[in-house]
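K.L.:
Here it is: the structure, laid out below.
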Amino acid sequence: MSSMAAATPGRPRSGIGGLLSRLVWGSGKDRRRRIGENRTTPYLFILPHFAIFSVMILFPFFLGIWISLHDSTALRDGPFVGLRWYQQLFDPSSFQFPRFWNSVWNTIIFVIISTPLLIGLGLALAALLNQQIRGRNIFRAIYFVPWTLSVSVVGLTWWWMFNGNAGFITLFMESTLGWSPNWLATTPWAWITILVATLWWTIGFNTIILLAGMQAIAVDLYEAASIDGANKWQQFKSITLPSLRPILLLVITLQVIASFQLVGQPQLMTGGGPPSELGGETAPVLLHVFGTGFGGRRELSLAAAMAIIVAAIMIAVSIVNFRLFSSERS
Amino acid sequence: MATALDRGLEKDQPVELQAAGTRRRGGVGRVLMYLLLVVIAAVFILPLVVVVSASLKFSAEIFTDPGILPADPGFENYTALFARAEFLTWFRNSAIVSTVGTFVTLTITSLSAYAFARIDFPFKNLLFGVLITTLVLPGIMFLVPQFKLIADLGLYNTLPALVLPGLAGVFGVFFMRQFFLGLPVELEEAAYVDGASRLRTFVAIALPLAGPALATLAVITFLAFWNDYLWPVIICQDNCTLPAGLRLLQSQYTGDPGLVMAGATVAAIPVLILYLLLQRYIVQSVASSGIKG
């Protein structure tokens with residue numbers, strides 16, 4: 001029935017051969033194979049997922065590069081054009097250049113402003129919940145509620161809260177201050193609404209991760225510090241923060257990546273507007289890519305090239321972020 | 001006031017200790033702290049209350065009746081929504097995509113993870129390395145080619161298109177592999193010595209032990225499918241899921257926010273119920289796995 005397992009071939013243990021064999025055979029911790037076991041068994045185990053993965057992720061990775069080197073739209077496959085789109089996106093005199101980099105710049109500003117707020121307020125909430133309080137789990141659960149919602153629910157919620165026609169915040173400000181900005185349609189207010197929606201949506205995530213980290217810190221450390229006369233703030237600065245380092249690194253990295261992919265909030269709240277010559281004052285880069293590839297003339301190739309440049313920037317930022325954080329204070 | 005008594009009530013002990021002599025904070029300080037906690041909680045809840053309130057005001061009421069408590073609440077917006085065939089389609093699609101997507105994801109990722117955790121085979125590290133590498137690649141670079149692929153396959157605006165890319169996700173494989181690696185191998189070896197096949201060992205021994213990990217993955221996967229926004233927006237025209245449908249609803253009914261808010265409420269209710277039931281569990285799942293939505 002099943003083919004006898006062939007004896008595992010002799011493998012060199014060192015040098016390039018060793019490296020290759022480790023790559024192919026693994027580290028060698030669990031090398032037993034049962035006699036009589038079909039050699040294809042492990043491949044059958046991974047096959048269903050790996051097949052879908054190959055078609056939907058691995059192949060599109062290369063397809064994206066391929067598309068970015070052609071001149072295709074959603075309606076037709078175009079000819080090979082080499083690096084034309086990349087040249088245009090890096091050529092200051094091109095039509096695309098200012099629009100693309102304006103949206104990149106919008107995104108970077110958003111990342112720079114939102115990340116410290118989301119981390120700082122997340123830390124503050126976590127520290128607050130880490131006090132000796134009754135009902136901590138209830139408060140924690142409430143702060144986390146918005147995170148469970150879809151970005152489209154979040155976007156529509158704040159679209160209505162800030163709506164110029166009878167939106168809750170607009171009415172509240174008009175009745176108390178006698179004045180309200182046109183939140184969604186003018187800057188800088190439009191950016192503030194996007195920031196508020198994002199804070200509301202995701203701060204609970206940072207809070208519970210940081211709180212879990214705080215609760216894992218050994219109580220002895222605080223005991224020793226308080227015997228030495230350290231006050232609360234000194235304890236936070238010298239014990240809590242340093243102990244949270246690895247978790248902070250994780251949360252900041254995830255936060256930067258998430259903020260870079262901002263799209264649903266502006267799409268549903270401001271539509272990227274107010275409009276400007278460069279295509280929208282609150283349009284982040286993902287919205288620009290979306291508009292290029294899936295709206296208007298559906299320029300898939302141009303959108304693919306933009307996406308690859310943005311992905312490269314994001315990977316670079318993550319690496320820098322990682323380096324900064326792991327080298328600091330060491 | 002919190003006393004030493006409620007220390008026993010909570011499982012997560014606060015890691016707070018005062019110097020001797022200042023064992024308890026002054027009453028005013030504690031009251032202020034609770035006040036702060038409650039005010040913050042209100043800030044988190046208020047927008048949801050406003051949305052539900054708006055959804056209960058029909059047509060022009062939303063402009064004439066600004067109160068948080070509607071003067072004349074009614075479900076007209078909801079009946080209007082569910083009378084639209086389109087909305088029913090979105091709702092049905094969301095339900096199908098989330099449940100089928102979760103079930104299939106759990107099946108195929110735990111199978112794959114088991115092989116990566118327990119069996120040694122040629123190219124194992126290479127294959128796993130390929131999977132893990134794609135975890136760090138930003139999702140933005142897959143949107144255009146995935147769209148092109150789905151469109152070329154003739155699947156634009158279909159149900160399979162909504163679910164397929166989500167099934168390819170690598171997180172479940174990574175997550176379940178970590179879990180299987182942490183299981184003691186002896187039980188499986190015993191079954192193995194008794195002549196059970198790999199598949200049988202997996203189904204009868206490893207999978208039941210993986211219950212908690214599977215439940216965590218199920219909750220996270222369900223939320224991800226139910227809430228996904230950008231991909232459905234790209235790949236559907238009218239045969240959408242709820243989050244993408246809400247965008248269409250908003251553009252069609254700009255002047256009727258009550259109806260749009262009813263749509264948002266319908267999209268929120270299933271996850272809010274799920275959260276209400278499994279609150280503690282969901283919070284812990286996310287805290288331990290560290291996944292960003």
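The values are calculated or read from the model by the stated rules, or taken from the named source; none is laboratory data. The structure presented is a predicted model; accordingly, all values stated were derived computationally and were not measured. Note: ideal-geometry Cβ built from the backbone for every residue, glycine included; neighbour counts use all protein chains shown.
K.L.:
When only residues in the stretch B:242-283 that are more than 9 Å from every other protein chain (Cβ to nearest Cβ) and not in a helix (DSSP H, G or I) count, which is modelled with the lowest pLDDT?
P.N.:
Of everything passing the filter in the stretch B:242-283, B:Thr254 is modelled with the lowest pLDDT.
K.L.:
Would you confirm whether or not the stretch B:186-201 contains a residue that is more than 8 Å from chain A (Cβ to nearest Cβ), on the phi < 0 side of the Ramachandran plot and modelled with pLDDT of 95 or more?
P.N.:
Taking every residue of the stretch B:186-201 in turn, none turns out to be more than 8 Å from chain A (Cβ to nearest Cβ), on the phi < 0 side of the Ramachandran plot and modelled with pLDDT of 95 or more.
K.L.:
Spot the failing condition for B:Thr107; the list is (1) free of Cβ contacts under 8 Å to residues at least 60 places away in the same chain; (2) closer than 30 Å to B:Ala206 by Cβ; (3) away from every other protein chain (no Cβ under 14 Å), and only one is missed.
P.N.:
Unmet condition: (3).
K.L.:
Among (1) in contact with a Lys or Arg (Cβ under 7 Å, 6 or more places away or on another chain); (2) buried (at least 24 other Cβ atoms within 10 Å of the Cβ), where does B:Val233 come up short?
P.N.:
(2)
K.L.:
Can B:Ala115 be described as in contact with a Cys (Cβ under 8 Å, 6 or more places away or on another chain), in a helix (DSSP H, G or I) and of a type in the set (Gly, Ala, Ser)? Spell out the reasoning first.
P.N.:
Details: in contact with a Cys (Cβ under 8 Å, 6 or more places away or on another chain): no; in a helix (DSSP H, G or I): yes; of a type in the set (Gly, Ala, Ser): yes.
So B:Ala115 does not fit the description; no.
K.L.:
What number of residues within the stretch A:162-188 are without any contact (Cβ under 8 Å) to a residue 12 or more places away in the chain and part of a helix (DSSP H, G or I)?
P.N.:
7
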